[in-house]
Amino acid sequence: MKIHLENVVKTFESFQAVKGVSLDIESGELVALLGPSGSGKTTILRMVAGLEYADGGAIHFGDQDATDIPVRDRGVGFVFQHYALFPHMTVADNIAFGMKVSKVKRDRSAIESRVSDLLRLVRLEGLGDRFPAQISGGQRQRVALARALSVDPKVLLLDEPFGALDANVRRDLRRWLREIHSELGITTLFVTHDQEEALDLADRVVILKDGQIVQQGTPEEVCRDPKSAFVMKFLGDANVIAAQVRDGRAYVGGLSVEAAGVADGRGELYARPSDIDWSDEGPGIAATISRVLDRADGRRVLATTGAGEALEFDVEPERVVKAGEQGFVTLRRAKVFAV
Amino acid sequence: MRRRNVLPGLPLSLGVTLFYVGLIVVLPLAALAFKAASLGFEDYWRIVSSSRSMASYRVTVLSALGATTFNLFFGLALAWVITRYRFPGRRIVDAVVDLPFALPTAVAGIALTALFANSGWFGSVLEGFGIKVAYTPIGIMIAMCFTSLPFIVRTVQPVLEDLDPALEEAAQSLGGSDWTIFRKVILPLLAPALLAGVSLSFARCLGEFGAIIFIAGNQPMSTEITALLIFIRLEEYDYQAAAAIASVLLLAAFFMLAVTNWLQARALRYTVKG
């Protein structure tokens, strides 16, 4: 089912949470709404679900205007951040709930066989008799997904689906959700504040800030070509160095970087930790190492430039560097944005 | 190796509380049982099964059941309104719920009698419909309703407040109607609190005295409650008979609490980790 949002607006009391968002989600696509807290991503998801009504604009499911259809008739599956499993029902009863209350009557054996199919799909065979309090967080998350899928939704919506889980469980579930998505091909929209989760999982990432879309595209597009300093910073660690822009190049220390399309004057240079090299001799930006952090895959160096800017970058594990050492920073690549 | 407890003061606090419970709760009850037991079995049975006693149990228990049933619905509705809706005066309603706790029950009894007597505001209207409240079992029920209302409201309210709104949203997104959601999601989650409220309310109704004696008319065999019969025996210095009848009330309350505890444990099975 294709979803189309047109200039959707939502205001709570005096706070405008969503300021005119237009978005198209193709049938079968897996899309992430990514943004910091307060960016309106959850509100957008809830409006698509029908858990909130839009104050302005329209939401279409396929050719149908769904803007005023209440949640119970909208045909969406919603997975809540904290799962919202019914604590007094067993896992099987939780999954069967939607089928039991549905206007479409199913007989008992049809419900039972569908429940066991879903339990198999989410790999929870044999746990149907447990209560939610008796299973782990990751298992609860999978029950919530099975329950949402039980009513054959046209659209699957997930609110911070892995937010409350350990890093390891999260990684497994991510891969697994991707598998289920390619198996079922259901249009899926999920909300996250974790850029790694969005980039790993989604076909397309929609980045939000203050209730508006700032950029959208495939993970490759948004990572390789961030259009603003906000997106650059939000997608991962970034070092910021003040620079002077002149005729499409940015100059700092003894270095210059390509800065096509940036107006002359003051600019800011953004470089990922892996884009920075450290050498004993110039040319480069003079800096002093303040700390070295050892990690499994390399050494993270914290340094301060002559202008007082804090930098973080990585050197190879064998490299001998010490706090207090002076040297020069060079840039393999960097993005320049006007201030 | 000696086991060490992280929380300090266990022996002292345990000693003080056990001593207190023994002194204030167990000792009087033991005295009561002892007094009742000093009657022979035959005398005991004669007193507790006399027709006047039996009539008093009947009116007390039936009125208490009626009042508790009424409060179950009305108290739930009241708790629902207070927690779910925001309206002007909500805090006042919330505070008024506790009035039956704060008011001396005799004052409540006198006020209710004045309202429901034949010449009172409510009584004169109801008399037009041929309904007599004062000096009938209905009056007893109303007095019981009044004094036991807060129990159900106050036990259900916190549970209702803590109910995760996402549960209802989830049920909605799965296609449940409002009534289905109330019946299958909200009510089962409130059940333990409702049971607790019902048992407290019922126990309070069984023992209520002050609010009832003014409105009940206190006719032996029809509107005489058990607590009053105990009081009458005490006034006659018949302590043994008073203790015998009181022991019946005590056993009834005990049984009631045991049954509700069992029901509650059953209703809360799902919280047990395993």
Quiz item: Say we look at the range B:130-172 and pick out the residues that are among the charged types (D, E, K, R) and under 13 Å from B:Leu76 (Cα atoms); which of these is surrounded by the most Cβ atoms within 10 Å (Cβ to Cβ)?
Solution: B:Arg154
Self-check item: Criterion: in the same structural domain as A:Gly327 (by TED's automatic domain parsing) and in a loop (DSSP other than H, G, I, E, B) - qualifying residue of A:Ala286, A:Ala263, A:Ala242
Solution: A:Ala263
Quiz item: Has the range A:169-176 got any residue that is within 30 Å of A:Thr11 (Cα to Cα), out of contact with any Asp or Glu (no Cβ under 6 Å at 6 or more places or on another chain) and not charged (D, E, K, R)?
Solution: no
Quiz item: Does at least one position in the range A:109-127 carry a residue that is within 14 Å of chain B (Cβ to nearest Cβ), touching a helix residue (DSSP H, G or I) at 6+ places or on another chain (Cβ under 9 Å), assigned to a loop (DSSP other than H, G, I, E, B) and crowded, with 17+ Cβ neighbours inside 10 Å?
Solution: yes
Quiz item: Within the range B:260-274, how many residues turn out to be free of Cβ contacts under 8 Å to residues at least 60 places away in the same chain and of a type in the set (A, V, I, L, M, F, W, C)?
Solution: 3
Exercise. Sort out which residues of the range B:159-174 are touching a residue at least 12 places away in the same chain (Cβ under 8 Å) and either within 9 Å of chain A (Cβ to nearest Cβ) or not hydrophobic (A, V, I, L, M, F, W, C) (or both), and write them in order of number.
Key: B:Glu161, B:Leu167, B:Glu168, B:Ala171
Exercise. Pull up the range A:25-81, narrow it to residues that are part of a strand (DSSP E or B) and among the β-branched types (Val, Ile, Thr), then point me to the one that is nearest to the other protein chains (Cβ to nearest Cβ).
Key: A:Val76
Exercise. Please state which of the following conditions A:Arg130 fails to meet, knowing it meets all the rest: (1) in a helix (DSSP H, G or I); (2) more than 20 Å from A:Gly40 (Cβ to Cβ).
Key: (1)
Exercise. For residues that are surrounded by fewer than 17 Cβ atoms within 10 Å (Cβ to Cβ) and of a type outside the set (Asp, Glu), scanning just the range B:175-185, find the one that is nearest to the other protein chains (Cβ to nearest Cβ).
Key: B:Ser177
Quiz item: Of all residues in the range B:98-132, how many are in contact (Cβ under 8 Å) with a residue 24 or more places away in the chain and in a loop (DSSP other than H, G, I, E, B)?
Solution: 2
Self-check item: Positions within the range A:214-239 being within 12 Å of A:Leu269 (Cα to Cα) and outside any strand (DSSP E or B), in sequence order
Solution: A:Ser228, A:Ala229, A:Met232, A:Lys233, A:Ala238
Practice problem: Please work out which one of (1) within 14 Å of B:Ile215 (Cβ to Cβ); (2) assigned to a helix (DSSP H, G or I); (3) of a type outside the set (S, T, N, Q) is the condition B:Ala95 fails and give its number. | Solution: (1)
Exercise. Using the structure shown, decide if B:Ser199 is modelled with pLDDT under 95, small (Gly, Ala, Ser) and part of a loop (DSSP other than H, G, I, E, B).
Key: no
Practice problem: Would you please name the residue that is surrounded by the most Cβ atoms within 10 Å (Cβ to Cβ), looking only at residues in the range A:146-187 that are within 25 Å of A:Lys105 (Cα to Cα) and away from chain B (no Cβ under 14 Å)? | Solution: A:Ile186
Quiz prompt | Tally, over the range B:207-257, of residues that are part of a loop (DSSP other than H, G, I, E, B) and either of a type in the set (Gly, Ala, Ser) or crowded, with 22+ Cβ neighbours inside 10 Å (or both) | solution = 6
Practice problem: Check A:Asp172 against each of (1) assigned to a helix (DSSP H, G or I); (2) modelled with pLDDT of 90 or more and name the one condition it does not meet. | Solution: (2)
Practice problem: Go through (1) at the interface with another protein chain (Cβ under 8 Å from one of its Cβ atoms); (2) within 26 Å of A:His4 (Cα to Cα) one by one and return the number of the condition A:Phe97 breaks. | Solution: (2)
Quiz item: Do the conditions hold for A:Leu157, that is, is it touching a Ser or Thr at 6+ places or on another chain (Cβ under 9 Å) and part of a helix (DSSP H, G or I)?
Solution: no
Exercise. Have a look at B:Leu62, B:Leu72 and point out the one that is in contact (Cβ under 8 Å) with a residue 60 or more places away in the chain, within 25 Å of the chain's Cα centre (by Cα), exposed (fewer than 14 other Cβ atoms within 10 Å of the Cβ) and assigned to a helix (DSSP H, G or I).
Key: B:Leu62
Quiz item: Has the range A:54-62 got at least one residue that is surrounded by fewer than 21 Cβ atoms within 10 Å (Cβ to Cβ) and either acidic (Asp, Glu) or free of Cβ contacts under 8 Å to residues at least 12 places away in the same chain (or both)?
Solution: yes
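The values are calculated or read from the model by the stated rules, or taken from the named source; none is laboratory data. The model shown is predicted, which means the values in this text are computed figures rather than measured ones. Heads up, the Cβs are rebuilt from the backbone with ideal geometry, glycines too, and the neighbour counts pull from every protein chain shown.
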